[in-house]
Amino acid sequence: MSDKKSVDYSAFPDAQGHFGPFGGRFVSETLIGALDELREMYNSLKDDPEFRAAFDYDLAHYVGRPSPLYLAERLTAEAGGARIWLKREDLNHTGAHKVNNTVGQALLAKHSGKRRVIAETGAGQHGVATATVAARLGLECAVYMGAEDVKRQSPNVYRMKLLGAEVIPVESGSKTLKDAMNEAMRDWVTNVDDTFYIIGTVAGPHPYPQLVRDFNSVIGREARAQSLEEFGQLPDALVACVGGGSNAIGLFHPFLNDSDVKMYGVEAGGEGLASGRHAAPLNDGVPGILHGNRTYLMEDDDGQIIETHSVSAGLDYPGVGPEHAWLKDIGRVDYVVADDQEALNAFRMLTRKEGILPALESSHAVAYALKLAAGMSPEQNIVVNLSGRGDKDIFTVAAIDGIEV
Amino acid sequence: MTQDNRIDRRFARLREEGRKALVTYLVAGDGGPENTVPLMHQLVASGADLIELGVPFSDPMAEGPVIQRGHERALEYKTSLRKCLEMVREFRREDSDTPVILMGYANPIEKMGAEPFADAALDAGVDGALTVDLPAEEAGPLSEMLSARNLRNIFLLTPTTSEERIRAITGLASGFIYYVSLKGVTGAGNLDPEAVRENLEHIRGFTDLPLCVGFGIRDGASARAVSEAGDGAVVGSVLVSAIGEAADGAAARDAVAQLVGGIRRALDA
């Protein structure tokens with residue numbers, strides 16, 4: 001392993017999509033042509049001033065950026081330590097960070113001239129964000145969603161349908177997010193001539209982990225400038241939840257070369273690591289190959305992918321983006337867990353203390369930040385990525401409370 | 001390559017006889033693990049030249065619905081890579097002639113480790129491997145392990161594979177090339193024999209390896225159509241579908257015998 005101080009994090013991935021031993025393109029030859037085409041298009045556009053300007057314009061006028069950096073004073077008082085700042089991705093159009101990526105990939109889709117976009121979704125946030133940009137550009141849209149998730153997330157299913165998307169329930173495998181991703185890949189390889197696949201997280205084959213990261217890095221770039229403006233220095237620590245890891249890498253990436261900024265990625269501890277019922281591959285998984293990349297996975301002794309558990313559907317995924325796997329191994333980012341109960345407590349606390357209803361995913365980050373802040377001094381600053389709003393989760397929370405909504 | 005192996009010998013013999021190869025696929029453990037080896041023998045008795053034994057995986061991303069369900073059924077019996085190797089060993093007790101390749105996904109091999117896998121495959125009597133999600137640029141370490149044991153590395157080529165990649169892949173490949181006849185997943189139905197013929201002729205400019213055509217071949221007519229320009233046809237989904245519908249092992253063997261026998265006759269006609 002290389003010395004983390006000497007690593008230039010902006011130089012990754014390499015040309016083949018590797019982050020150290022992780023990442024790459026582990027797909028059937030049938031998909032390579034489509035991935036080559038996407039990589040070439042992205043490489044030709046990513047530094048193009050016109051493309052950058054179009055992306056920035058959409059972020060400002062359609063998404064509503066920049067999102068505020070908000071000092072959560074009552075939450076800070078509750079923790080009794082470092083100041084807790086919330087990066088308010090929950091205030092974006094469609095209610096989460098996911099739209100940063102779909103706006104960017106929609107521009108790629110438009111440039112490609114393809115008339116149809118597809119996506120996979122778990123909780124439905126990425127599906128909604130994809131259906132939203134498809135509606136805006138007049139593109140046909142199909143969203144693959146595990147049949148189990150279709151049942152659990154009916155409000156988002158209806159939102160997608162209102163936006164004109166076709167929601168296709170996936171009945172194979174465990175009928176959840178990982179199977180939806182398999183099915184979207186199968187659709188893509190079959191319909192590649194007229195279809196653009198908008199992946200929702202920093203996983204999948206190269207170049208997806210790179211381009212999804214780049215589109216979400218606006219979070220960290222803004223947070224960096226806002227930190228200097230609000231408290232005159234860089235934050236002491238960053239905290240974000242990690243499922244696939246797109247909101248976390250979006251916040252972390254622009255700070256990776258700032259070696260004094262500590263970073264914590266919070267995985268879903270579910271019913272606790274010891275129970276085995278969780279979604280924390282970086283804490284309790286092993287490196288393997290799934291969905292086109294080498295990364296940490298939840299698997300059994302035979303190398304079969306196993307089912308995960310989290311109260312938050314958006315973190316319920318057996319893999320994680322390959323850049324996170326690499327950042328873990330070289331020690332640049334600490335990956336920790338918050339369990340279901342801690343996340344629910346944080347959900348309630350943020351709602352009551354600040355009048356902000358966080359997504360259950362983001363509640364994992366808030367839960368860890370409360371613990372972290374308590375051990376730090378009041379002059380220090382923590383930036384927490386509040387990656388999404390919790391309106392979509394009220395039915396889940398109500399069910400846990402035994403209330404019918 | 002210093003020595004030949006069963007795959008090379010089989011294609012050499014077919015060439016001498018002026019016949020086309022019939023490559024047959026089934027998922028190990030599908031229909032019950034005790035039925036797999038008898039099914040393999042049945043395939044051979046009905047005219048198969050080479051057996052692709054599918055190694056079940058929880059996330060078979062390149063497969064269409066029929067073979068996906070085959071993987072799911074096999075996993076209900078917890079058919080692991082190790083069990084697949086045991087099945088090949090058992091098959092070899094009665095058949096030392098028919099080539100067997102393992103077709104599957106990278107993660108079960110990654111879990112076992114490339115070197116232990118290559119050792120175990122050689123020891124069990126496997127002749128080669130096709131790992132669907134290990135394209136040429138990621139396949140290096142496993143390919144070397146297999147080659148060092150005189151096992152063959154089967155790779156896919158597709159209608160969208162660039163000339164540069166055809167060159168790289170044929171450089172790594174051995175045994176035969178599996179040409180994917182269409183854009184899509186296994187079992188799709190939009191085969192164009194004329195396009196297949198043109199692509200195969202193009203690929204022959206890069207390699208002397210036998211070219212077998214798969215994806216979308218469901219009967220004697222389609223097998224014959226694609227194999228006219230190629231060296232053989234790969235049949236998978238129709239067999240997996242029949243095994244899935246069969247009431248028991250004997251019914252599965254009967255169904256497979258009918259299908260494979262019919263395709264064999266069409267190829268030899």
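Can you name every one of the strands (runs of 3 or more DSSP E) wholly within the range A:247-323 that holds 1 or more residues which are within 14 Å of another protein chain (Cβ to nearest Cβ)?
Fully inside the range A:247-323 and qualifying: A:286-290, A:292-297.
Given the structure, is A:Lys98 among the charged types (D, E, K, R), away from chain B (no Cβ under 14 Å) and farther than 25 Å from A:Phe395 by Cβ?
It is false that A:Lys98 is among the charged types (D, E, K, R), away from chain B (no Cβ under 14 Å) and farther than 25 Å from A:Phe395 by Cβ.
Could you grab me the full set of residues in the range A:79-111 that are part of a strand (DSSP E or B) and either surrounded by fewer than 24 Cβ atoms within 10 Å (Cβ to Cβ) or over 15 Å from the mean Cα position of the chain (by Cα) (or both)?
Scanning the range A:79-111 gives A:Arg83, A:Ile84, A:Trp85, A:Leu86, A:Arg88.
Mind checking which strands (runs of 3 or more DSSP E) fall wholly inside the range A:112-231 and carry at least 2 residues that are closer than 22 Å to A:Gly250 by Cβ and either open to solvent by 10 Å² or more (accessible area, probe 1.4 Å) or not small (Gly, Ala, Ser) (or both)?
Counting at least 2 such residues, we get A:116-121, A:195-197.
Return yes or no: is B:Ser143 within 26 Å of A:Phe22 (Cβ to Cβ), in a helix (DSSP H, G or I) and touching a helix residue (DSSP H, G or I) at 6+ places or on another chain (Cβ under 8 Å)?
yes
Restricting the search to the range B:75-120, which residues are closer than 25 Å to A:Pro287 by Cβ and more than 11 Å from chain A (Cβ to nearest Cβ)?
Passing the criteria: B:Leu85, B:Leu102, B:Met103, B:Ala114, B:Glu115, B:Pro116, B:Ala118, B:Asp119, B:Ala120.
So in the range B:60-87, with the set limited to residues that are of a type in the set (Val, Ile, Thr) and open to solvent by less than 20 Å² (accessible area, probe 1.4 Å), which one is nearest to B:Ala21 (Cα to Cα)?
Only one residue fits best here, namely B:Ile67.
Within the range A:275-326, count every residue that is aromatic (Phe, Trp, Tyr) and surrounded by fewer than 22 Cβ atoms within 10 Å (Cβ to Cβ).
0
Here is a check on your reading of the model: is A:Pro21 surrounded by fewer than 19 Cβ atoms within 10 Å (Cβ to Cβ), over 30 Å from A:Asn345 (Cβ atoms) and within 14 Å of chain B (Cβ to nearest Cβ)?
It is true that A:Pro21 is surrounded by fewer than 19 Cβ atoms within 10 Å (Cβ to Cβ), over 30 Å from A:Asn345 (Cβ atoms) and within 14 Å of chain B (Cβ to nearest Cβ).
For the range B:34-59, enumerate the residues that are facing chain A (nearest Cβ under 8 Å) and either open to solvent by 10 Å² or more (accessible area, probe 1.4 Å) or free of Cβ contacts under 8 Å to residues at least 40 places away in the same chain (or both).
Matches in the range B:34-59: B:Ser58 only.
Which members of the range B:89-110 meet the condition of being under 17 Å from A:Gly303 (Cβ atoms) and in contact (Cβ under 8 Å) with a residue 24 or more places away in the chain?
B:Leu102, B:Met103, B:Gly104, B:Tyr105, B:Ala106, B:Asn107, B:Pro108, B:Ile109
To keep it simple, each residue is scored yes or no on (1) over 30 Å from B:Glu34 (Cα atoms); (2) in a helix (DSSP H, G or I); (3) touching a residue at least 40 places away in the same chain (Cβ under 8 Å).
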| position | (1), (2), (3) |
| --- | --- |
| B:Tyr179 | yes, no, yes |
| B:Thr186 | no, no, yes |
| B:Val196 | yes, yes, no |
| B:Gly216 | no, no, no |
| B:Ala223 | no, yes, yes |
| B:Gly244 | no, yes, yes |
| B:Val256 | no, yes, yes |
| B:Ala266 | yes, yes, yes |
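B:Leu142 is checked against (1) buried (at least 23 other Cβ atoms within 10 Å of the Cβ); (2) under 15 Å from A:Phe26 (Cβ atoms); (3) more than 10 Å from every other protein chain (Cβ to nearest Cβ) and fails just one. What number does that condition carry?
(1)
The values are calculated or read from the model by the stated rules, or taken from the named source; none is laboratory data. Being a predicted model, the structure only gives us computed values, none of them experimental. Glycine also receives a Cβ, built like all others from the backbone with ideal geometry; neighbour counts cover every protein chain displayed. Heads up: the accessible areas ignore ligands, DNA and RNA and are worked out on the full protein's heavy atoms, side chains in. Shrake-Rupley method; radii C 1.70, N 1.55, O 1.52, S 1.80 Å.
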